[in-house]
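Please read the structure below before turning to the comments.
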């Protein structure tokens, strides 16, 4: 059966979006590489890239195309669309200052965690935690804090759709183990990431509940495993829980 116009249009849109993601992941790419990676004709890749360039969503530098600054405006709009995100930004910065470690505010979208704000902290380490980064919920401290306060039905949906991919040898990859971990998080009030996302990096997270009683997002602090332990870890956890509570209060009063 021949493809109808709607099917072709949908495939064209998906191809364009895949090209955009590829340009982001590789920080630029040429027609031949994109065609090979996406298994499309070079002429098709060229047409998509030329369209993105003509609409100012891509720029051409030599033989490579890169994402254009027009995406900056879109990203800023999405980040500031929810007025409560502004409060989250403030408290993420406060958390980084008081913990002296990299701090992140995360929300859930389409079953994954999305970093909305990050702040380095005085002794923060680079953990690829850039704004907009999408992460698995089951392998991150912020993600597990969010999961623990979702309806059980929604948790099952996410696990069914996305699975429990292993990122390190310590990643939880069994459903029963995950639910046991979520029970423990609810009991103690905070979540842990013990090198489950990145080897050598440990993190602690706390949920941030919205005024409707649903989980709004999560704050987390990450650092080297050899420093995120003992009294220092206890202090960071105490600071995190206090600031998460302050953010919840600020949201409730807004």
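The values are calculated or read from the model by the stated rules, or taken from the named source; none is laboratory data. Every value quoted in this text rests on a predicted model; they were computed, and no experiment measured them. Every residue, glycine as well, gets a Cβ built from its backbone with ideal geometry; the counts of neighbours run over all protein chains shown.
Being outside any strand (DSSP E or B), at pLDDT 95 or above and surrounded by fewer than 24 Cβ atoms within 10 Å (Cβ to Cβ) is the filter here, so list the residues in the stretch 124-138 that pass it.
136
Go over the candidates 164, 147 one by one and state the one that is closer than 22 Å to residue 117 by Cβ and free of Cβ contacts under 8 Å to residues at least 60 places away in the same chain.
From the options 164, 147, the qualifying one is 147.
List the helices (runs of 4 or more DSSP H) inside the stretch 1-73, counting only whole elements, that have at least 3 residues being at pLDDT below 95 and not assigned by TED's automatic domain parsing to the domain that holds residue 132.
Hits in the stretch 1-73: 5-26.
How many residues, within the stretch 200-225, are closer than 17 Å to residue 101 by Cα and either surrounded by fewer than 24 Cβ atoms within 10 Å (Cβ to Cβ) or outside the structural domain of residue 241 (by TED's automatic domain parsing) (or both)?
The qualifying residues number 5.
Under the condition of being assigned to a helix (DSSP H, G or I) and more than 20 Å from residue 149 (Cβ to Cβ), which residue from the stretch 224-237 is nearest to the chain's Cα centre (by Cα)?
Top of the filtered list is 236.
How about the stretch 224-250: which of its residues are closer than 16 Å to residue 93 by Cα, in contact (Cβ under 8 Å) with a residue 12 or more places away in the chain and in contact with a helix residue (DSSP H, G or I) (Cβ under 9 Å, 6 or more places away or on another chain)?
236, 239, 240, 243, 244, 246, 247, 250
Does any residue of the stretch 150-164 turn out to be surrounded by 15 or more Cβ atoms within 10 Å (Cβ to Cβ), part of a loop (DSSP other than H, G, I, E, B) and touching a strand residue (DSSP E or B) at 6+ places or on another chain (Cβ under 7 Å)?
Yes, the stretch 150-164 contains a residue that is surrounded by 15 or more Cβ atoms within 10 Å (Cβ to Cβ), part of a loop (DSSP other than H, G, I, E, B) and touching a strand residue (DSSP E or B) at 6+ places or on another chain (Cβ under 7 Å).
Free of Cβ contacts under 8 Å to residues at least 40 places away in the same chain, closer than 29 Å to residue 201 by Cα, crowded, with 17+ Cβ neighbours inside 10 Å and in contact with a strand residue (DSSP E or B) (Cβ under 8 Å, 6 or more places away or on another chain): does that describe residue 118?
It is true that residue 118 is free of Cβ contacts under 8 Å to residues at least 40 places away in the same chain, closer than 29 Å to residue 201 by Cα, crowded, with 17+ Cβ neighbours inside 10 Å and in contact with a strand residue (DSSP E or B) (Cβ under 8 Å, 6 or more places away or on another chain).
Identify all residues within the stretch 177-223 that are in contact with a helix residue (DSSP H, G or I) (Cβ under 9 Å, 6 or more places away or on another chain), assigned to a loop (DSSP other than H, G, I, E, B), farther than 10 Å from residue 145 by Cα and modelled with pLDDT of 95 or more; write none if there are none.
Correct list: 196, 197.
Return the total of residues in the stretch 105-123 being part of a strand (DSSP E or B) and farther than 18 Å from residue 210 by Cβ.
Summing the residues that are part of a strand (DSSP E or B) and farther than 18 Å from residue 210 by Cβ in the stretch 105-123 gives 4.
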